[in-house]
Structure formats: C-alpha cells, structure tokens
Amino acid sequence: MTDRPSIIITGCSSGIGAWCARALAKDGWWVFATVRRVEDLEPLQNDGIEAFLMDYTKPDTISDLVGAVFARTGGKLDALFNNGAYGQAGAVEDLPTEALRLQLETNVIGWHDLTRQVIPAMRAQGHGRIVQCSSILGIVPYRWRGAYNASKFALEGLTLTMRMELEGSGIEVSLIEPGPITSRFTANAVTYIERFIDLKGSVHAREYERQMRRLKGESGPARGKLEPDAVYAALKRALTAKKPKPHYIVTQPAKQGAILKKLLPAALFYRIIGRLG
C-alpha cells in the first residue's frame, strides 16, 4: 500500500506506453505497466516499474492483471490509460474478416473488458480517471487503414458514451487523439499487412508497393511526427486537470485534419483526405 496515485498503463513495450510509464513513475505515480511478451518485462522492472503480461485478446490475462493490481493496492485504482494497440493496413476489399475481427478484439473489445473491470473500484472510492489513447484516425478516416479507422471510430463512440454515463460518479473520461508519433507502430503494421493481405494478387498491388516502402521508412519521416513526450503532456493534463477535456488532439497534422473536417463541406473534405496516404 502507498499514498502514491496508482495507474494501469497498457502497451508499454515501446513507444507511447513505455515513455508514459517511465515518466509517470518519475512523477511519483505507482505504475502498473503491461506488455504482451516476457522479454519486455525486464526493462520496465529494471526502472522500478511493476510490469505484467497482458494480451487484450486473452480475457484471462486481463482478469489476472486486475486481480494482481488490486491485491497490491487494496482494491483501489486511481487511473487507467488504455494504450496498447496496432494498426491493420490494407484496402477494405482485401481485408479478411479474421483480420478485422482481430483488429477490433485488440483495439476495442479488450479495452472495454479491462475498463469494465476497474470501474467498480473507481465508483466505490468515488473518483478515477480513464484515458483512452485513440487516434486522429478515430475522427478523420484515412485510405488503406479501414480496419484501424473502424477500431478507433468505435472506440470514440464507446468512450464518449461512457463519459456521459459516468458523469457525477467522480470518474472522468478523456480521449487522446495523436497524429504521427515516433514508435514501433509502423513496424508492427508491416507484420500484420504481410500476414493478412495478398499484396501481389490484389488490384491494389502497385499501391501496396508504395505503402510498404512508407511503412518501412523508405519514403522518409512522416510530416509533423513528434516524440512520445507530446502524448505524455496530454496524458498529464487528462490525469490532473480539475475538469479534463473529452478530447486532446496531439500533433499539428492531427489538429489540421480535425479543423478541416469542421470547416469544409463533407464531399470536399473527403475528396481532399482521399488524396492522402
């Protein structure tokens, strides 16, 4: 037991999750970080962070995580940062149903499972913060990212509904919507597109060649890409503000996309966005 505020952060093997876990620990939080691979536990543990194996597609690991955390905190939890996710690339017409199902299971269903398991403790203590790491692609769709778009659009709807339903409970809910952030995200996307998409047999074969060069970093860095500390700044505000915002948009490209969606006629906006990617 400790007087430090406690938080579960998922997807901490690299990128946003790893950065935020270490930064919050330095800022005095009691951090419970999750990873999917055994080899990713030790680096976090060496930095004094309690790390656990958890996979959003395996419900038993979610329940085991919650049980282990509550055993340490006496059944209390101050915050949850759902972050672990991946992006399935590929045209919608080339996307096997299995791939879409796995994308939603990982990026939405598992998040819902973990969130539901911690809400009763937050209700009992009268306070809590739930922060979801969404994406600008939960607001603005992007070509060749239909599965990922679908997962983040679903997350946005589910989270905003939950925010309204939890009003008055002491539990605050926010979404962080980053644009391009330095991480292993694109490298992981290569694995999934090669696993599920017929890159050479598709009518989009030529486009996939270009996409793969981009995902492998052969086309240069993404415009406006920031480091994970930019997301951490938004996370800190969501965790500590007296009245946290429902949305925290991160990176200039993401902010520009959200503004253009509000200002432009829909047909024009989607025509412009459709030329990107």
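The values are calculated or read from the model by the stated rules, or taken from the named source; none is laboratory data. Please read these numbers as outputs of a predicted model, since none were measured by experiment. FYI the Cβ positions are ideal-geometry reconstructions off the backbone, even for glycines, and counts take in every protein chain you see. Note: areas computed on protein heavy atoms with side chains; ligands, DNA, RNA excluded. Shrake-Rupley method; radii C 1.70, N 1.55, O 1.52, S 1.80 Å.
Worth a mention:
- Taking amide H as placed 1.01 Å from N in the peptide plane, the amide H of Gly84 sits under 5 Å from that of Thr10, Gly11, each at least 5 places away or on another chain.
- For the range 138-277: rounded, prolate or oblate by the Cα gyration tensor [a/c cutoff 1.5]: prolate
- Percent accessible area from carbon and sulfur atoms, the range 3-48, protein chains only, probe 1.4 Å: 45
- Cross-link pairs exceeding 27 Å between alpha carbons, from the set Lys58/Lys236; Lys225/Lys245; Lys76/Lys236: Lys58/Lys236.
- Overall Cα dimensions of the range 65-120 - principal axes, largest extent first, Å: 49, 16, 15
- Charged neighbours of Arg72, selected by a Cβ distance under 15 Å, balance to -2 (K, R count +1; D, E count -1).
- Local electrostatic count at Ala51 - Lys and Arg +1, Asp and Glu -1, tallied over other residues with Cβ under 10 Å: -4
- Based on C-alpha pairs under 8 angstrom that are at least 6 apart in sequence, the chain has a relative contact order of 19 percent.
- Over the chain, accessible surface divided per residue gives 49 Å², non-protein components excluded, 1.4 Å probe.
- By accessible area, using a 1.4 Å probe on protein heavy atoms only, the range 54-194 has 55% of its surface on carbon and sulfur.
- For the chain, the longest principal axis of the Cα atoms and the long axis of helix 59-73 meet at an angle of about 30 degrees.
- Whole-angstrom gap from the range 25-73 to the range 218-275, using each part's C-alpha centre: 28
- Each DSSP beta bridge with both residues in the chain is either parallel or antiparallel, and the antiparallel ones are about 0%.
- Its relative contact order, with pairs defined as Cα atoms under 8 Å and 6+ residues apart, puts the range 1-45 at 43 percent.
- Rounded, prolate or oblate (a/c below 1.5 giving rounded, otherwise prolate when a/b exceeds b/c) for the range 31-180 by Cα gyration tensor: oblate
- When only alpha carbons of the range 79-165 are considered, Rg and Dmax amount to 14.1, 47 Å.
- The range 203-277: Rg to Rh, with Rh as the Kirkwood radius over Cα pairs: 1.08
- Whole-Hz couplings from phi, Karplus 6.51/-1.76/1.60, listed for the range 18-23; x for Gly and Pro: 4, 4, 5, 4, 5, 5
- Selected from Met54, Ala33, Leu77, residue furthest toward positive end of dipole (the range 1-104; charges at beta carbon): Leu77
- Count Lys and Arg as plus one, Asp and Glu as minus one, and take only other residues whose Cβ is under 13 Å from that of His127; the net charge is then +2.
- Considering only Gly170, Tyr148, Ala121, the residue lying farthest towards the positive end of the dipole of the range 117-175 is Tyr148, judged by Cα position with unit charges set on Cβ.
- Three principal axis extents describe the C-alpha atoms of the chain; from largest down they are 57, 43, 31 Å.
- Taking only the Cα atoms of the range 11-87, the ratio Rg/Rh comes out at 0.93, with Rh defined as the Kirkwood radius.
- Cα gyration tensor shape of the range 123-196, rounded if a/c is under 1.5, else prolate or oblate by comparing a/b with b/c: prolate
- To the nearest 10, the accessible area of Lys225 is 80 Å² with a 1.4 Å probe.
- Accessible area per residue (1.4 Å probe, heavy atoms of protein chains only) ranks Val203, Val69 as Val203, Val69, with the largest value leading.
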